[in-house]
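Notes follow once the structure below has been shown.
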Amino acid sequence: MGVGILGGAFDPPHAGHVALARTAIERFALERLLVTVVAAPGHKHPVAPVEARLQLTRLAFADVEAVEVELEPHARTVDALEARGLADPIFLIGADELADFPTWKQPERVLELARLGVATRPGYAPATASPRIHIFELEPHPVSSSEIRRRAQSGEPLDGLVAPAVARYIEEHRLYGSG
């Protein structure tokens with residue numbers, strides 16, 4: 001299928017993000033996967049500065065072949081897709097995000113510019129009639145960026161939740177109140 005895109009705040013990137021990337025690369029036979037760190041997401045207010053989130057994301061995906069980590073200056077998916085001008089990429093999201101998809105800026109245009117690859121998660125049973133939306137199974141990873149931030153702040157270990165290099169970077173740079 002060519003090119004995939006996995007975008008987000010990655011504040012910080014965790015094992016669930018990496019598992020989604022690996023699964024999608026295999027499932028959709030992606031030649032490359034652009035992992036885009038959104039500088040200023042329209043729906044979130046990141047805690048870590050964009051430079052730190054970009055470096056954390058590079059560390060998290062360092063050993064995943066086919067991944068290219070890039071900064072995304074556009075806050076909205078439709079604007080990012082328009083600017084990139086890729087030929088029929090697959091944009092990866094979780095099933096929980098699919099529920100919010102109708103509220104995105106120009107969702108119909110998003111589906112003209114890209115197909116959606118939707119990873120299933122517990123508690124969500126996505127139903128879709130669009131041939132532009134592809135559902136795929138993802139083994140559950142009970143981890144969230146907010147939980148990692150909380151643990152870092154309280155000095156709890158991040159073992160198994162993030163790559164060791166990510167945990168070291170968080171500690172060394174005292175991100176999320178760690179250290």
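Please treat every number below as a calculation from the coordinates, not as lab data. Source: prediction; values computed, not measured. Because the Cβ atoms are built from the backbone with ideal geometry, glycine has one as well, and the counts that use them run over all protein chains shown.
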Review point. Hey, rough spin-label estimate for Glu171 and Glu70, points 7 angstrom out along Cα→Cβ, what's it come to in nanometres?
Key: 3.4
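Go through the stretch 1-106 and name the GluC sites (Glu not before Pro) that are in a DSSP coil and have 10 or fewer other Cβ atoms within 10 Å of their Cβ.
Passing sites in the stretch 1-106 are Glu65.
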Study note, to complete from the structure: Dividing the alpha-carbon radius of gyration of the chain by 2.2 N^0.38 Å, where N counts its residues, gives 1.00
Point to revise | Potential lengthening between Glu26 and Lys105 on full extension [0.36 nm per residue; Cα-Cα distance subtracted] | key: 25.5 nm
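Nearest 20 debye, what's the magnitude of the dipole of the chain about its Cα centre given +1 on Lys and Arg Cβ and -1 on Asp and Glu Cβ?
Numbers: 18 positive and 24 negative charges, 57 e Å.
Result for the chain is approximately 280 debye, rounded to the nearest 20.
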Revision key, fill the gap. For the stretch 101-112, Karplus-derived ³J(HN,Hα) couplings (6.51, -1.76, 1.60; θ = phi - 60°; whole Hz; x for glycine and proline) come out as 3, x, 8, 5, 5, 6, x, 5, 5, 4, 6, 6
**Study point:** Amide H contacts under 5 Å for Gly7, placed H, 5+ residues apart
**Key:** Thr36, Leu92
